[in-house]
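Have a look at the structure below, then the notes.
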Amino acid sequence: MSTNEETNVNVAEGIDHQVAMVMDLNKCIGCQTCTIACKSLWTESGGSEYMYWNNVETKPGEGYPRGWEDSGGGWTDDGSERQTGEIPSREDYGRSWEFNHSEIMYEGSDEPLRPREGAEWGPNWDEDQGAGEYPNSYYFYLPRICNHCTHPSCVEACPRQAIYKREEDGIILADQERCRGYRYCVEGCPYKKVYYNAVSKKSEKCIFCYPRVEGEGPDGETYAPACAEECPPQLRLVGFLDDEDGPIYKLVEEYEVALPLHPEFRTEPNVYYIPPYAPGQHTEDGESVDVDRIPRQYLRELFGDEVDQALNTIERERQRARQGADSELMELLQHKNPAKQYRLGVFDD
Amino acid sequence: MTDERTRALATALVVGALVLGSTIALASPVVDARPAHEIPVTERSDADLASPTAEGWSSVPASDVALSSAPSSVPNAADTSVERVHVQAVRSDGQFYVRLQWEDPTRNTSSEGPEQFVDAAAVQFPADTSSRPPIAMGGQDNRVNVWYWGGDGTTQEILAGGAGSTTPFPSPAVDANAAYEDGTWTVVYTRSVASESANRTDLDSTDTLDVAFAVWNGGNGERAGRKSVSEWHYFLVGTGPQGPPYQTLLWTVAGIAIVAVVGVTAFGVRRARGGDDGGGS
C-alpha cells in the first residue's frame, strides 16, 4: 500500500485513484431497485441468472449467499497471509424456482400460484425477519456490492492474475479472456462477491459499472453505477476516496462515520456504510427507553469497534443541528445535489 | 569325449537354453525393466486407436507412471488423490495416440454447481523438443505444449511458458476421447505426427520425446496447480509390440552367461571326475 502523492489517503500500490461508495443504511427501504437495476444491466442471461452482483439482505440474517460471513477467505489478522475459504453451493445462492403457471393458466387448476418444489431457500429468503422480541424486534437492510478492496484477497488468490485491480481507478475486474474458472477468487473473497458462471466456465463480478463511469454510453455522459443512480431514496454517494473535496473523503476520513463492512477480513473495502441509527427500545406500554434497539455488539461485529465513535459523532452532530447550529456532517448526509453526490469526473485529464 | 561326458554337456546346454528362453518369455511384457523414465511408443500400421476402448490397445505395452502433488501456491495444493497413471503410446499412419488410465472412484463431469469441479488429465511436451523445459508448465524461453482433457468434454491444446501463463490454441489440433468404467478413467489423445505450427511440438523430430503427465480429481476440489503430476519422462519411438530391444538384449546376455557358466561347470566337474577314475584304477 502507498499513500497517493496528492492526498493523505491510502490507495493500493500502483493505483492512481480509488473509486469509493458510501451507503447510508438509515435510508435503505429494502425495495431492491438497486438489485434489479444491476441485474437487468449485467446478469440476466447466459449462466449469470443466479448472480446478484448487487444484493440487499436483511440484517441480522443469513445473507446472500447463505452464511457468507462464515465462509472464510480474506486475510489473517496481521493482513499478511490469505485465509482459505469455501465456495458456496448452488443451494446457498438459491436456485431459481419453477412455478405452477401452466397448471393455473392452461389446465384450469384452482390451486394457488406457487413454486412447484424445492423452494426452501433463496436470496432474501429471511427478508424482514431480523431478531429481537416484540416490541423490540429489529432489523435493517444491508445493500452489498463488490467492495473493490485496497488489499483484495480475490486478486491475490488467482494463480493466473486473471482478476486484477485496474490502475486508473482501482476497480477490480475479472478478465474473461484470462479466467479459467478455477474459482480461487470465489472462495478467497470473504464477502462472496465473485460468482462462477457455469455456462462460460469463468468467474464474474461487479464491475462498478465502469462503462457508465467512463461515459461510454450513447450520450457520452458520465454516470454513477446503476445501483446508485436508480436508488429511490438515493442512499449512495459515489466518487473517489482520494478526492479530498468530495463528500466521501469527508465522511470516511474526516468525520469517520462511514465504515467498511467486516474490517477484520483485512481486505480494506472501498464501500463504506453509515451505520444504522435505530430508535431506542420501547417498554410494553410503548414508552421509549434509553436502550439501543440494535444491540451495539452486533453492530461492532459488522463494522468493527469504530462503530461506537461513528454513532457518537452522528448523535453529537444531530444534537447540534437540532439546536439550530450548522452541521456539515448533517448536510453531507442529507445532500441531494447529484453533482456532489456523484463526483466522478474530478480526476479526468 | 565319452558318451557320458557328451550327455552331461548336452543336459547343461538344454538347461541353459530353457533358462534363457523362459527369462526372455517372462520378461517380454514387463516394461519395468526399462530405464525408469522411458515409455515405449509402439509403431503400428493401419490402427485406429482413437477410441479409449479400441481393441488394439490390449497389446500395447503400458508404463506405470508415479504421480505426486505439484508444488503450488494455491490452497490445499498438497491434498491430491491420484497416485499413478498408466501410459500407452502408439504411432500409426501419421497419427500419434497417447492413452492414459487412472483410478478415480468418483466420476466428476459437471461444473454446474459453483462448488463442483471436473476430473481432468493432461499430457505435457516441450514446445521445442531440442531442450527440456522446467517441469511446472515450462518457462518463458522454453515453453510447453499441453494436451488437456476435462471431464465435461473439454479438449484444449495449450501453450504455456510458466505457471499462470496457460493459453489455449484458438483451433486445437488434438482430439481426446474418454471412457469411465469400474472406477477407472481411460482417455485417448490423438494428434497428427506432423507439426502444424511453430508453437506445436514436433512429434517426428527425435527418437526420444520428453513428456509429463497430470491428473486432477474434480471430486476432491482439484484444479489449477492442485493436481497430481509426474516427473519428466520420455517417449522412445520405434519399439514394436514384440518386446523392447534394450530388455531383450539384457536378458539374452544374462542367458548366455548362465548357459556358459553351467556348461563350463559341468565340463569341469566331468573332467575332474574322469581324472579321479584314471588315478584310482
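Every number in this text was worked out from the coordinates using simple rules, so none of it is lab data. Note that the coordinates shown come from a computational prediction; the quantities given were computed from them, not determined experimentally. Virtual Cβ from ideal backbone geometry, glycine too; neighbours counted across all protein chains shown.
Work through the residues other than A:Arg90 whose Cβ is under 12 Å from its Cβ and net out their charges, Lys, Arg +1 and Asp, Glu -1.
-3
If you restrict to DSSP beta bridges whose two residues both lie in chain A, what percentage is antiparallel, to the nearest 5?
85 percent
Between A:Cys31, A:Cys231, A:Cys149, find the one with the highest GNM mean-square fluctuation for chain A; connect C-alpha pairs within less than 10 Å.
Looking only at A:Cys31, A:Cys231, A:Cys149, the largest GNM fluctuation is found for A:Cys31.
Please rank A:Cys185, A:Cys179, fewest neighbouring Cβ atoms within 10 Å first, as an exposure proxy.
A:Cys179, A:Cys185
Two-decimal Rg/Rh of region A:196-349 from alpha-carbon positions, Kirkwood Rh?
1.04
When the scattering of region B:36-241 is computed by the Debye formula from its Cα atoms alone, each counted once and equally, what is log10 I(q)/I(0) at q = 0.09, 0.16 Å⁻¹?
With no solvent term, the Cα-only Debye profile gives -0.30, -1.03.
What Kirkwood hydrodynamic radius do you get for region A:164-251 when you take the inverse of the mean 1/r over all pairs of distinct Cα atoms, in Å?
Computed over region A:164-251, the radius equals 15.0 Å.
For peptide B:149-156, how many partner chain Cβ atoms fall within 10 Å of a residue's Cβ, on average?
So the per-residue partner count for this stretch is 1.
Direction-averaged shadow area of the convex hull around the Cα atoms of chain A, nm²?
The directionally averaged projection comes out at 21.4 nm².
Would you be so kind as to identify which of B:Pro168, B:Trp57, B:Ser72 lies farthest towards the positive end of the dipole of region B:36-241, taking Lys and Arg as +1 and Asp and Glu as -1 on Cβ and the Cα centre as origin?
The one lying farthest along the dipole's positive direction is B:Ser72.
Working from the alpha-carbon coordinates of the protein assembly as shown, get Rg over Rh, Rh being the Kirkwood radius.
Result: Rg/Rh = 1.19.
With r as the distance between the Cβ atoms of B:Glu181 and A:Ser109 and R0 = 41 Å, compute the FRET efficiency 1/(1 + (r/R0)^6) and round to 0.05.
Rounded to the nearest 0.05, the efficiency is 0.35.
Under the rule of -39500 (n - 2.57) per DSSP H run of 4 or more residues, summed and divided by the residues of chain A, what mean residue ellipticity at 222 nm is obtained, to the nearest 500 deg cm²/dmol?
Dividing the helical sum by the residues of chain A leaves -5000 deg cm²/dmol.
How many percent of Cα pairs in region A:259-309 exceed 14 Å?
56 percent
Which lysines, if any, have their Cα less than 26 Å from the Cα of A:Lys192, not counting same-chain residues under 8 positions apart?
A:Lys27, A:Lys39, A:Lys59, A:Lys165, A:Lys201, A:Lys202, A:Lys205, B:Lys227
List the GluC sites (Glu not before Pro) within region A:98-174 that DSSP assigns to loop and that have no more than 10 neighbouring Cβ atoms inside 10 Å.
Answer in residue order: A:Glu107, A:Glu117, A:Glu133.
Just to be sure I understand: with springs between alpha-carbon atoms less than 10 Å apart, which residue in A:Phe240, A:Phe99, A:Phe265 has the highest mean-square fluctuation in the Gaussian network model of chain A?
Highest fluctuation of the listed residues: A:Phe99.
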